[in-house]
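Comments concern the structure below.
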Amino acid sequence: MANPPVIIWKDEVERLLRYRELIPRLEVALGKFSWRDSAELIQPVRTTVPLQKHDGFMGLMPAYMENDGVLSTKFVCFYKREDGSTLPATQATVVLLDPEYGNVKVMDGEVITDMRTAAVSAISAKLLMRPGAEVLAILGTGRQALSHYNVFMEMFSFKEVRVWKTPVSGPVTACVSVEEAVRGADVIVTVTRCTEPVLFGQWVKAGAHVAAVGACRPNWRELDDVLMKEAVVYADSREGAMAESGDIILSGAEVFAELGDVINGTKPAHREKTTVFKSLGMGVQDAVSAKLVFDQWKARHSQL
Ligand SMILES: NC(=O)C1=CN([C@@H]2O[C@H](COP(=O)(O)OP(=O)(O)OC[C@H]3O[C@@H](n4cnc5c(N)ncnc54)[C@H](O)[C@@H]3O)[C@@H](O)[C@H]2O)C=CC1
Ligand SMILES: O=C(O)C1=NCCCC1
């Protein structure tokens, strides 16, 4: 049955999406993904189209969860911006489809991208940081830095939060160098647009957990070889990491496990060791976020 398309704008997505509802759904989706059961979940590695003239890429990120009736794709453009550029690194739109009829709901993908990425990093910290972690360092000050700050504050109680280079509003310590921000930190989040290593293993405390979110092309880096080789490396998707992560491909580091493997109990969480979670982003993370937004939207609109 053909239904007219629904459009959900950014301010509404912002009102409807909440970490407390999003995080459990993402954990279930990460676990389902790692079982590799195509009757449950299909999600190919994203297709990227280079936008050479603009120093960027368009990514197409489909996912289908048959038993949950969730079908979606995100269109995301991301750019290799110069430091200091005021233009955003990413722009995104999510299309949620009815799997039976193909009817579409189109929604802003900025808030979904910011929140689901930060939520998955927070899940990685929940699983992999050492007990009693006190100091969080965030490298980067863009949109992802803010969403990571928000969800880490909601989920954990760090004694100190350090930010490089300028502070997010709130009780944080602004640091003038990466070294100052990360020395002694228990958890480090890298959310920069840099394409060369910015975080060096020699500064990272043994046993720290690093959630590495930027550097999503095979020749872009955020972390150096020392850190990549010393750490136990986890990823959201093994295939995604092998295809897209410069930190993994160029360092020759092995992906030990996916977060979903840890959630499923098929691989251990090495909390006692230095760990890196390499985040590339997955279509299924957008799919469950978009479904949550649409379900909330429908519930509100049926009451009007
Ligand atoms: N893994 C995932 O699922 C996702 C990853 N990303 C990536 O996360 C990163 C941050 O994204 P946004 O916060 O949206 O970007 P943004 O443009 O809002 O902020 C980027 C930050 O990086 C800093 N920066 C830029 N060039 C730098 C350099 N050479 N050295 C150090 N810092 C530099 C900027 O000052 C800014 O603080 C990007 O690399 C983006 O591609 C974004 C969305 C999802
Ligand atoms: O998963 C995403 O969304 C993105 N990942 C890497 C960079 C752009 C957006």
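The values are calculated or read from the model by the stated rules, or taken from the named source; none is laboratory data. Quick caveat, the model's predicted, so the values are computed rather than measured. Note that each Cβ is placed from the backbone with ideal geometry, even for glycine, and that neighbours are counted across all protein chains shown. With ligands, DNA and RNA removed, areas are computed over all heavy atoms of the protein, side chains included. Shrake-Rupley method; radii C 1.70, N 1.55, O 1.52, S 1.80 Å.
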Item to check | Amide proton proximity set for residue 134, modelled H, under 5 Å, gap of 5+ | outcome: 186
Checklist entry - What's the center-to-center distance, using Cα atoms, between segment 82-114 and segment 152-217 in Å? => result 26
Checklist entry - So which of 74/229; 10/80; 74/267 end up more than 31 Å apart by C-alpha? => result 74/229
Item to check | Exposed GluC sites (Glu not before Pro) absent: longest stretch of the chain, with sites in DSSP loops and at most 16 other Cβ within 10 Å deemed exposed | outcome: 135-253
Item to check | segment 274-301-segment 30-79 distance, computed between alpha-carbon centres (Å) | outcome: 12
Item to check | For segment 92-185, alpha-carbon Rg over 2.2 N^0.38 Å | outcome: 1.35
Checklist entry - On a 0 to 90 degree scale, rounded to 10, what angle separates helix 19-35 from the longest Cα axis of the chain? => result 90
Item to check | Diffusion coefficient, µm² s⁻¹, Stokes-Einstein with Kirkwood Rh over alpha-carbon pairs of segment 1-151 at 25 °C and 0.890 mPa s | outcome: 142
Checklist outcome for this item: The percentage of the accessible area of the chain (probe 1.4 Å, all protein chains present) made up of carbon and sulfur atoms, to the nearest whole number, is 55
Checklist outcome for this item: Residues meeting the amide H criterion for residue 211 (H placed from the backbone, H to H distance under 5 Å, 5 or more places apart or on another chain) are 188, 189, 190, 277
Checklist entry - Expressed as an acute angle from 0 to 90° and rounded to the nearest 10, what is the orientation of the C-alpha long axis of helix 283-303 relative to the principal long axis of the chain? => result 50
Checklist entry - For the chain, what proportion of DSSP beta bridges, expressed in % and rounded to the nearest 5, is antiparallel? => result 50
Item to check | For the chain, diffusion coefficient by Stokes-Einstein and Kirkwood Rh (Cα), 10 °C, 1.306 mPa s, µm²/s | outcome: 82
Checklist entry - With the other protein chains left in place, how much accessible area per residue, in square angstrom, belongs to the chain at a 1.4 angstrom probe? => result 44
Checklist entry - Across bins of 5 angstrom width beginning at 0, how are the C-alpha pair distances of segment 118-282 distributed, in whole percent? => result 2, 10, 21, 25, 23, 14, 5, 1, 0
Checklist entry - Accessible area, 1.4 Å probe, largest first: how do 25, 116, 81 sort? => result 25, 81, 116
